Each structure stands twice: as C-alpha cells, then as structure tokens.
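Novice: Sharing a structure below in structure tokens format, with a few things to ask.
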Amino acid sequence: MRVGRPSPWTLLLVLATTGPVLLALTFMLGYAFGGIGLLSQGWTLRHWQAVLADRQTWIALAYSLYVAALSLAGSMLLALTIVFALGARLRRGLLGVLLYVPLTIPPVVAALLTVELFSGAGLLARLAYALGWIAQPSDFPALVFSADGSGIVLAHFGLVTPFLVLLFDRVRRNERVDALMQLSQTLGATRAQALRRVALPVILCAARPALNVYLIVLVGAFEIPLMVGAQLPSMISVLIWNRFAQFDLSTKPQAYVLAALYTALMVSGLLLARRSAMTAGAAR
Amino acid sequence: MIQRMLAGLLSLLLITPMALLLLLSFSRHWIFPDLLPAQWQLRQWSELLHGNSELARATLRSLAMATGVALSSTALALPTSRGVARHRRRGTLLTLAYLPFAVSPVVLGASLLYVFLRLHLAGGTGGVMLGQFVFAYAYAVILLTSLWNPEAESLAGLATTLGASPAQLWWRVLVPRALPLLAVCLFQTFLISWFDYALELLIGSGLVDTLTIRLFQYFSAGDTRLAATCALLLMAPPLLGLVLNQRLLSAGLLFRGLEHDD
C-alpha cells in the first residue's frame, strides 16, 4: 500500500536529513556573502570574487574529481580482474574471510598504513633495500605526500578494491552472469566477446548505483588526503578545512564559498545519479 | 595452479597491513632499513590496560558514543523506513536521505559549527553524537527500507486483522522479522560513529578525545607505535563482527541505490 500523506516518521526523516543540510546551507551562504561572521562588514560578493579568481579553487575541484575518478576506475579494473581470474575460489577458505578485512579499516587507519607501507622509510622501501634496489630512503619513489596524488590513490585502491571485489562477485552470482556468458558462447561468441559484451555490461549496470555513491564519497574524501596528500594541490575538502582552520579569520568566508561550490557540485551529482536511476527504471 | 598462486598472493596482500600494524604496536626500536623491529615492548598495550590512561579513556568514550549513536539511529530508522517504503514519494525521500552524504561531514560540520556553538553543543560529546546521528540515521533508513516488501506488509495486515494492537504489531511481528537486518544496521551505524574523524574534529573542535582523534594526534607527532595501537583498537569491533558473522559487514554491499518514484 503506497500513501501520499506524510507520516510523523517521514517528517522526521526530512527534518533530520534535509534540515541540517538547509541550516548548513543558510549559514554557509551567510558567511560566504559576508552577512555573518566575526569580521563581517555587511553583504558583499568580495569573497566569491576572491575564490572564483583563485586558481587553487579550480585546481582543487579538478584534482578531487581526478583523484576520485582514477581511484574508482583503477579499483574497478583491479576488482573485475580479480573476480574473473579467481571466480568461485574467492569465496573459499582463508581468502573468503580475508577479503572482508579491508572493510574493517577506517580511512584514518588506511592513511597510516599508506605511509607505513609506501613512504621512503616504509615497508616496501625496506624490502627494496634488502633486495639491493635502493641504497637510502630518498632513492625510493615519492609515493606519499606527492603532488600527483599517488598516495591518496593507493590508499583508495586498498579500501575500495576489496569492497568492489565483493560487490562484483555478488552481482555476478545474483545476475547469473556465468550462465549468460555460457549461453552467449553457445551462440557463437568468443570468451572475450562474452566478457566484453555480456558480463561487463550486466555487472556494471547492476553495480551502477553503488558506484555512483562511491564516486561522490571519494570526491569528498577528507582523512586520507589530509594525512597522505601534498600541501598543493589539495583536494577540495582539505582546501575547505585549511581555509576554515587558519588563524587568519579573514579566510573563513572563503572556506564557506568553497563549501557552497562543493555542495552545489555534489548535490547536482546526486540529482544526476537519481535521474540516471529514473531513466534506468523507466527502461526496465 | 595459477589461480592458487593468485589466491595466495592476494591473501598475503590482505594480511600484510594488519601484520604491519601488529609489529608496529609491539615495537620499541624499528628504524630503516630493518625489516623487523630491533627491540620490542609492551608499553603501548599496557598503557591501554591502565584504566585511567588517556588511551583507555578515549577508547571508552568512542565506545559509548558509537553505542549511543547506533541505538538511537536504528531505533528511529526502523519506523521511518516503513513510512518511507509505504510512501508514494519513496524515491524522493530516499534521495533526501543521501543528502548529508553528498554534502560530506567536513562541509556539514564546518557549516553547522556556528549553530552548535550557539546551542553550546560544540566541543562536547553530545554535539558530536548529534552530528554523527544525522549520517547514521540517514544510512539506517536507506538500509532498512529494503525490509518492507509486499510480504512484510501482508503479514502486518494479517496481524492487524486478527486484532493486534500497533504495539503488538511492532513487538511481536515486525521487529522479530527484522532482527537480522536490525543487527546489521546496529553494527554498521556503530561503525559510522566509531570510524568518524571529521565531525569529531569540527564539531568536537578536537576537544572530544576519541580514538580517531588520538590516532591523528599520534600520527602527527610521529609516534607511529601508539598510532598503530589506536589503529588496531579501531579495527577490533569490525574484526569481531567479521568473526561472528560476515553478513554484519557485507549486508550493505548491494546498498540500495537511488530510486525513482512510482
């Protein structure tokens, strides 16, 4: 039975989720337009002009999208390779349990591990030294705190890939992808064609809602870029935090301008994702 | 054969991070290029066992906060999710539940700080829990909405027809049926609070001493041994959940995506 009347519980949902967001938006815009705040001098577009003219803003937004897209695309590729290379073995024995271990790792721990594994004095550098490949920590490639974001991407790989392996493996079973591949091969497709034209579209289509949400989460990642990212360029959430936490209070309204830009981008992304879900729903 | 080697390699890659954290948490002296610590110590762990140590207090505070957030968000999300599932605008309501995640904890925390300051909630445990509740409750609603299929509604209808009061309907029919997913929901909302750093930093202003805040402080100070101990403590509840039941961790995998309204 579907009802159109709002129940107290649906009102609570709207109040508890939209309420804080609208309240945050009000204060964000109040600060961004100079209307409120300790150093407020009245409503102004000054902070917007400063932020929009600052190259750092656009670099941070592009960098966040780049790091998130690279992290997700790389993790998807790795996960699909693992799922199709190992098949049912993924669910057997010790590996079947170990695959869940990365789900127990919070972002702050993933960042710590990235430093301890990939820095110049990390475990990999020590192994490289033992093998005679490097003579000192500085010989090891700079993978963390680097401007190309490799440390952030590596940390995301470690967190996201196991999640996607479990997700794709479950979708593979739920959507009976193996049976579909077998059918297409019976009808004359090669294994590569069955994989490319049947298995991948089915898996990616079924996993799309989760992937959309994951992309939004990765763009807004905070702890990992804060702990293993470079000072410049920084991801948007770290740039917002840096402007917000500076001793110089005059940069605070700029933090809120950045937050407003980021919110507009992410809410648009969410609405686009919903639109795509609606299109997919209508197509079915 | 190749499959077995790949599986072995993958298992090794998955074990390495935890083994590294364990080594770090028991190490005393471990400098480059040693592959293993030169000296060991139990100081990091004995500090935790002293009930009045800062690390022990941070652990207990994190535990209490996460338990409170999990219980309150799951309890309120159960009836809400039924309201959402039965609503004509179910897709829109679920999209609203995603809003806090789209805005992100950093932006929401920074923007709401003024309100929390005015309400004297900033820098306190209650304020941080309230911030975490927004995310945990939204997540719980999304997760629990999958409970309410036509079968559940038929069962509810039957119980009502047979004379069950609303309270009896919930306690004798709907809650027992929802128990497995409620356990998953409790566990995962617990983790939302347990893993949180951004809201504790912003709304807590760094004054609410929790495990994630402490880990970051040790990490910034260069004490990776205590940071590793904190990391293992943070991983302990989800690892325990994994040992008890893999479903506690994996049930959200096919997280309901964005839906369209009917």
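The values are calculated or read from the model by the stated rules, or taken from the named source; none is laboratory data. The model shown is predicted, which means the values in this text are computed figures rather than measured ones. Cβ atoms come from the backbone with ideal geometry, glycine included; neighbour counts cover every protein chain shown. To get the accessible areas, we keep the full protein, side chains included, count just its heavy atoms, and leave off ligands, DNA and RNA. Shrake-Rupley method; radii C 1.70, N 1.55, O 1.52, S 1.80 Å.
Novice: What is the magnitude of the charge dipole of segment B:1-118 about its Cα centre, with +1 placed on the Cβ of each Lys and Arg, -1 on the Cβ of each Asp and Glu, and no other charges, expressed in debye to the nearest 20?
Specialist: Numbers: 11 positive and 3 negative charges, 163 e Å.
Here the size comes out at about 780 debye.
Novice: Then there's this: Taking only Cα atoms, what is the 0 to 90° angle, nearest 10, from helix B:211-221's long axis to the longest principal axis of chain B?
Specialist: 30
Novice: Looking at chain B as a GNM with Cα springs under 10 Å, which of B:TYR218, B:TYR137, B:TYR197 has the largest mean-square fluctuation?
Specialist: Judging by the Gaussian network model, the answer is B:TYR218.
Novice: Something else now. What value in Å³ per residue do you get for the convex hull of the alpha-carbon atoms in segment A:44-283?
Specialist: It comes to 163 Å³ per residue, whole-number rounded.
Novice: At a 1.4 Å probe, what is the % contribution of carbon and sulfur to the accessible area of the protein assembly as shown?
Specialist: On the way: 16270 of 24470 Å².
In the protein assembly as shown, the share of accessible area belonging to carbon and sulfur is 67 percent.
Novice: Follow-up. If one takes the accessible area of chain A alone plus chain B alone and subtracts that of the pair, with a 1.4 Å probe, what total in Å², rounded to the nearest 100, results? Present the calculation step by step, with values, prior to reporting the outcome.
Specialist: Numbers: alone 17270 and 15130 Å², together 24470 Å².
The buried area between A and B, both sides summed, comes to about 7900 Å².
Novice: I want the local charge near A:PRO107. Using Cβ-Cβ distances under 11 Å, sum +1 for each Lys or Arg and -1 for each Asp or Glu among the other residues. Please report the intermediate quantities before stating the final value.
Specialist: Values: positive: none; negative: A:GLU223, B:ASP196.
Once positives and negatives cancel, what remains is -2.
Novice: Restricting things to alpha carbons, tell me how big segment B:158-210 is in terms of Rg and Dmax, in Å.
Specialist: My reading of the Cα-based Rg and Dmax gives 18.6, 55 Å.
Novice: Dipole of segment A:46-176 (Lys/Arg Cβ +1, Asp/Glu Cβ -1, origin at the Cα centre): which of A:VAL108, A:LEU164, A:VAL153 lies farthest to the positive side?
Specialist: Checking the options against the dipole of segment A:46-176, the answer is A:LEU164.
Novice: Take chain B, connect every pair of alpha-carbon atoms lying under 10 Å apart with a spring to form a Gaussian network, then pick out the residue of B:MET129, B:MET235, B:MET65 with the largest mean-square fluctuation.
Specialist: Highest fluctuation of the listed residues: B:MET235.
Novice: How much mean residue ellipticity at 222 nm does chain A get from its helices, if each DSSP H run of length 4 or more adds -39500 (n - 2.57) and you divide by all residues, to the nearest 500 deg cm²/dmol? Working shown, then result.
Specialist: Details: 14 runs with 193 residues, N = 284.
Rounded to the nearest 500, the figure is -22000 deg cm²/dmol.
Novice: Inside 10 Å of the C-beta atoms of A:69-82, what's the mean count of C-beta atoms belonging to other chains? It would help to have the intermediate numbers written out before the result.
Specialist: On the way: counts 0, 0, 0, 0, 0, 0, 0, 0, 0, 0, 0, 0, 1, 3.
Across the residues of A:69-82, the mean count of other-chain Cβ atoms within 10 Å is 0.
Novice: Taking the Cβ of B:GLY204 as the centre, find all other residues whose Cβ is under 11 Å away and add up their charges (Lys, Arg: +1; Asp, Glu: -1).
Specialist: Working: positive: B:ARG61; negative: B:ASP196, B:GLU200, B:ASP209.
For residues surrounding B:GLY204, the net value is -2.
Novice: If the viscosity is 1.567 mPa s and the temperature 4 °C, what Stokes-Einstein diffusion coefficient in µm²/s follows for chain B when Rh is the Kirkwood radius over Cα pairs? Mind showing how you got there, number by number?
Specialist: Details: Rh = 21.0 Å.
D, rounded to a whole number, is 62 µm²/s.
Novice: Can you give the calculated 222 nm mean residue ellipticity of chain B, where each DSSP H run of n ≥ 4 adds -39,500 (n - 2.57) and the sum is split over every residue, rounded to the nearest 500 deg cm²/dmol?
Specialist: Result for chain B: -23500 deg cm²/dmol, rounded to the nearest 500.
Novice: Along the charge dipole of chain B, Cβ charges K/R +1 and D/E -1, which of B:HIS50, B:THR161, B:GLY127 sits furthest on the positive end?
Specialist: B:THR161
Novice: On to the next question. So for chain B, taking the charge dipole from beta-carbon charges (+1 Lys/Arg, -1 Asp/Glu), which of B:LEU211, B:SER62, B:THR189 sits furthest toward the positive end?
Specialist: B:THR189
Novice: How much area per residue is accessible in the protein assembly as shown when the probe is 1.4 Å and only protein heavy atoms are counted (Å²)? Walk me through the intermediate numbers first.
Specialist: Working: 24470 Å² over 546 residues.
So the protein assembly as shown comes to 45 Å² accessible per residue, rounded to a whole number.
Novice: Would you work out the charge dipole size for chain A about its Cα centre, treating the Cβ of every Lys and Arg as +1 and the Cβ of every Asp and Glu as -1, and quote it to the nearest 20 debye? Before the final figure, lay out the partial values.
Specialist: Values: 21 positive and 9 negative charges, 259 e Å.
Charge dipole of chain A: 1240 debye, to the nearest 20.
Novice: Angle between the Cα long axis of helix B:54-86 and the longest principal axis of chain B, 0 to 90 degrees, nearest 10?
Specialist: Here the helix axis deviates by roughly 20 degrees.
Novice: Compute the whole-percent fraction of alpha carbon pairs in the protein assembly as shown spaced more than 44 Å apart. The partial results should precede the final answer.
Specialist: Working: 26737 of 148785 pairs.
Of all Cα-Cα distances in the protein assembly as shown, 18 percent exceed 44 Å.
Novice: Continuing with the same structure: Specify the angular offset, from 0 to 90 degrees and rounded to the nearest 10, of the alpha carbon long axis of helix B:90-103 from the longest principal axis of the alpha carbons in chain B.
Specialist: Between the helix axis and the principal axis of chain B, the angle is about 20 degrees.
Novice: Given Cβ point charges of +1 (Lys, Arg) and -1 (Asp, Glu) and nothing else, what value in debye, to the nearest 20, does the dipole of segment B:67-208 about its Cα centre take?
Specialist: On the way: 8 positive and 4 negative charges, 89 e Å.
Here the size comes out at about 420 debye.
Novice: Moving to a separate point now. Could you check the spin-label model distance between A:LEU271 and B:ARG57? Points 7 Å from the Cα along Cα→Cβ, value in nm.
Specialist: 4.8
Novice: Taking Cα pairs under 8 Å and at least six residues apart, what relative contact order does chain B come out at, in percent?
Specialist: Values: 299 pairs, mean separation 76.8, N = 262.
So the answer I get is 29 percent.
Novice: Of A:LEU45, A:LEU113, A:LEU164, which is the most mobile in a GNM of chain A whose springs link Cα atoms less than 10 angstrom apart?
Specialist: Among A:LEU45, A:LEU113, A:LEU164, the largest mean-square fluctuation in the Gaussian network model of chain A belongs to A:LEU45.
Novice: Going by amide H atoms built from the backbone, whose H comes under 5 Å of the H on B:HIS87, apart from near neighbours?
Specialist: Result for B:HIS87 returns A:VAL3.
Novice: Once you order the gyration tensor axes a ≥ b ≥ c over the Cα atoms, which shape class does segment A:204-267 get: rounded for a/c under 1.5, otherwise prolate or oblate by comparing a/b with b/c? Show your work: numbers first, answer last.
Specialist: On the way: a/c = 4.07, a/b = 1.88, b/c = 2.16.
Judged from the Cα gyration tensor, segment A:204-267 comes out oblate (a/c at least 1.5, b/c at or above a/b).
Novice: Which sequence of A:TYR66, A:TYR262, B:TYR139 reflects their accessible areas, 1.4 Å probe, from the largest down? Spell out each step's value before the answer.
Specialist: On the way: A:TYR66 105, A:TYR262 5, B:TYR139 30 Å².
From most exposed to least exposed: A:TYR66, B:TYR139, A:TYR262.
Novice: While we're on this one: Report, in whole Å, the centroid distance computed from the Cα atoms of segment A:66-138 and segment B:90-141.
Specialist: Taking the Cα centre of segment B:90-141 as reference, the centre of segment A:66-138 is 32 Å away.
Novice: Could you give the spread of the C-alpha atoms of segment B:67-208 along their three principal axes, from largest to smallest, in whole angstroms?
Specialist: Extents along the principal axes: 54, 28, 25 Å.
Novice: Would you tally the net charge around A:LEU154, using a Cβ to Cβ cut-off of less than 15 Å, leaving A:LEU154 out, and scoring K and R as +1, D and E as -1?
Specialist: Numbers: positive: none; negative: A:GLU116, A:ASP148, A:GLU223.
That sum, taken over residues with Cβ under 15 Å, equals -3.
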